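Trainee: Pasting a structure here, questions to come.
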Amino acid sequence: MFSDRKLPSYISRENVGPWHIYLEQVDRVAPLLDKALQPWVETLRRPKRSLIVDVPIRLDDGRIEHFEGYRVHHNTSRGPGKGGIRFHQDVTLSEVMALAGWMTIKNAVVNVPFGGAKGGVRVDPRQLSQPELERLTRRYTSEIVSMIGPDKDIPAPDMNTNAQVMAWIMDTYSMGEGRTVTGVVTGKPISLGGSLGRPDATGRGVYVVAREVGQRLGLPIPGARVAVQGFGNVGEAAARIFAEAGASVIAIQDVSATVYAPGGLDLAALRQHLRATGSLQGAPGCETIGREEFWRLPCDFLVPAALEAQINQFNAGEINARVIVEGANGPTTPEAESILADKGVVVVPDVIANAGGVTVSYFEWVQDFSNFFWSEDEINRRLEKIMADAFAAIWVLAGERGLSLRTAAFVIACSRVLEARAIRGLYP
Ligand code: NAD
């Protein structure tokens with residue numbers, strides 16, 4: 001376990017949350033890094049800056065409600081901060097720190113010129129009307145405005161935030177600047193400088209790395225059985241693209257239910273049922289099974305694409321998948337990872353598996369700066385190449401040095417980040 005020495009004073013053992021998963025991953029990789037980089041490793045254990053803000057808004061009934069918001073810059077050695085904004089009732093500062101840390105690693109894994117950042121508001125957005133959500137987004141943006149900017153820190157969508165939320169952030173920031181600044185966020189609507197291919201990019205990236213690992217393990221996508229947790233931005237797109245490539249998506253779990261069809265789910269019918277009823281419960285052509293049963297289903301690819309720590313010491317031993325492709329950030333705890341390694345389950349870590357989103361966010365940012373927009377084919381082609389090349393480098397290093405794919409990815413990323421840190425040196 002980590003020592004208290006590694007925790008900043010504002011985080012205690014009791015509320016360390018997923019930050020301890022991130023710290024353990026850094027501890028695991030630290031001894032494997034080049035000697036010249038060792039003096040800089042501590043940089044990775046400390047977020048560069050963390051902002052906590054009060055977000056007061058007027059509700060539709062006239063009452064004033066306060067929400068807690070955060071924005072964290074974990075590391076900006078390689079470029080401006082980049083990372084999503086999450087709206088969720090359980091968001092904490094330590095969770096946002098962990099997510100920002102993983103963004104530092106992820107951006108370096110795919111070698112886009114960004115540091116790591118993340119933000120969040122502790123709110124259940126389902127309890128807010130659309131005008132309340134807009135007021136919350138605009139006030140949060142105003143509170144963190146000193147942290148963000150197109151060459152400073154560029155937010156994007158994460159859980160419960162979408163293109164509309166990005167449009168409100170972009171508009172609020174632009175009003176303060178007195179000019180339109182499209183490059184301050186990515187994941188925007190197309191009509192505001194968004195990129196073609198961005199909505200599906202994370203799910204497409206999940207599919208590309210699954211295909212790449214499948215090729216190396218003799219596990220082709222056509223005919224493969226796939227189970228997906230989460231049917232949102234990442235999970236829905238991943239499931240759809242797997243199915244288009246000939247896989248059979250046998251189970252989906254979201255917050256409302258777990259649905260299963262051994263012969264393959266009708267994803268279009270699921271989407272329609274979810275839109276109409278707000279739940280997967282009772283969807284046609286499938287049965288509803290227990291939440292825990294989901295983890296025991298025999299399958300080739302298991303894609304967690306919802307929350308952190310979903311695969312843990314309690315269910316890892318029962319998992320019946322050949323490969324886990326982490327669509328979510330931090331879905332597998334270190335304890336679970338050891339159990340899975342003993343069982344021979346291959347885990348493709350989040351920092352490569354879900355990097356498709358930030359890769360196309362990078363394309364969007366470049367397009368906004370140049371005001372020249374690419375075709376969807378061009379974007380998907382470039383995305384595939386970056387993801388496949390980054391995965392190949394991780395696979396080779398893991399084989400050469402006998403490392404897990406996660407540790408290999410961290411070695412590559414931490415070396416890039418710390419090399420930049422070391423060359424820059426300390427100011428003053
Ligand atoms: P989303 O809000 O669009 O969807 C989240 C999904 O998870 C929903 O289907 C929801 O029902 C489900 N869910 C929530 N709580 C659950 C629970 N307790 N059990 C089962 N399912 C539950 O969010 P998203 O953007 O798809 O993000 C999902 C994950 O992917 C997060 O970890 C996020 O950080 C990560 N991620 C997202 C992106 C992106 O581009 N959106 C990029 C990289 C990583």
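Trainee: Against the condition touching a residue at least 24 places away in the same chain (Cβ under 8 Å) and either open to solvent by 10 Å² or more (accessible area, probe 1.4 Å) or not aromatic (Phe, Trp, Tyr) (or both), how does Ala269 come out, does it pass?
Mentor: Spelling it out, it is not the case that Ala269 is touching a residue at least 24 places away in the same chain (Cβ under 8 Å) and either open to solvent by 10 Å² or more (accessible area, probe 1.4 Å) or not aromatic (Phe, Trp, Tyr) (or both).
Trainee: Looking at Ile105 and the list (1) hydrophobic (A, V, I, L, M, F, W, C); (2) within 16 Å of the ligand (Cβ to nearest atom); (3) outside any helix (DSSP H, G or I); (4) open to solvent by less than 30 Å² (accessible area, probe 1.4 Å), which single condition is not satisfied?
Mentor: Only one criterion in (1) hydrophobic (A, V, I, L, M, F, W, C); (2) within 16 Å of the ligand (Cβ to nearest atom); (3) outside any helix (DSSP H, G or I); (4) open to solvent by less than 30 Å² (accessible area, probe 1.4 Å) is unmet by Ile105, namely (3).
Trainee: Is one or more of the residues making up the range 47-65 without any contact (Cβ under 8 Å) to a residue 60 or more places away in the chain, buried (at least 18 other Cβ atoms within 10 Å of the Cβ) and in contact with a strand residue (DSSP E or B) (Cβ under 8 Å, 6 or more places away or on another chain)?
Mentor: Yes, because at least one residue in the range 47-65 is without any contact (Cβ under 8 Å) to a residue 60 or more places away in the chain, buried (at least 18 other Cβ atoms within 10 Å of the Cβ) and in contact with a strand residue (DSSP E or B) (Cβ under 8 Å, 6 or more places away or on another chain).
Trainee: Now a separate question. Exactly one condition in (1) within 24 Å of Gly205 (Cα to Cα); (2) more than 13 Å from the ligand (Cβ to nearest atom) is not met by Gly263; state its number.
Mentor: (1)
Trainee: Before we move on, is Met97 within 16 Å of the ligand (Cβ to nearest atom), under 21 Å from the mean Cα position of the chain (by Cα), surrounded by fewer than 24 Cβ atoms within 10 Å (Cβ to Cβ) and not polar (S, T, N, Q)?
Mentor: In short, no.
Trainee: Does Arg406 qualify as being of a type in the set (D, E, K, R), under 17 Å from Ala108 (Cβ atoms), touching a helix residue (DSSP H, G or I) at 6+ places or on another chain (Cβ under 6 Å) and not in a loop (DSSP other than H, G, I, E, B)?
Mentor: In short, no.
Trainee: In the range 340-380, what residues are more than 12 Å from the chain's Cα centre (by Cα), open to solvent by less than 40 Å² (accessible area, probe 1.4 Å), within 16 Å of the ligand (Cβ to nearest atom) and not hydrophobic (A, V, I, L, M, F, W, C)?
Mentor: Ser361, Glu364, Asn380
Trainee: Need a quick list: helices (runs of 4 or more DSSP H) entirely within the range 152-255 having at least 1 residues that are within 28 Å of Ala409 (Cα to Cα) and touching a strand residue (DSSP E or B) at 6+ places or on another chain (Cβ under 8 Å).
Mentor: So the answer is 198-217, 233-244.
Trainee: Moving on. Could you please let me know if Gly79 is open to solvent by less than 10 Å² (accessible area, probe 1.4 Å) and either modelled with pLDDT of 95 or more or of a type in the set (A, V, I, L, M) (or both)?
Mentor: No: the conditions fail for Gly79.
Trainee: Which one of Glu42, Glu65 is part of a strand (DSSP E or B) and more than 16 Å from the ligand (Cβ to nearest atom)?
Mentor: Only one candidate qualifies: Glu65.
The values are calculated or read from the model by the stated rules, or taken from the named source; none is laboratory data. This is a predicted model, so every value here is computed, not measured. Every residue, glycine among them, receives a Cβ derived from its backbone with ideal geometry; neighbour counts consider all protein chains shown. Keep in mind that these areas ignore ligands, DNA and RNA; they rest on the heavy atoms of the full protein, side chains included. Shrake-Rupley method; radii C 1.70, N 1.55, O 1.52, S 1.80 Å.
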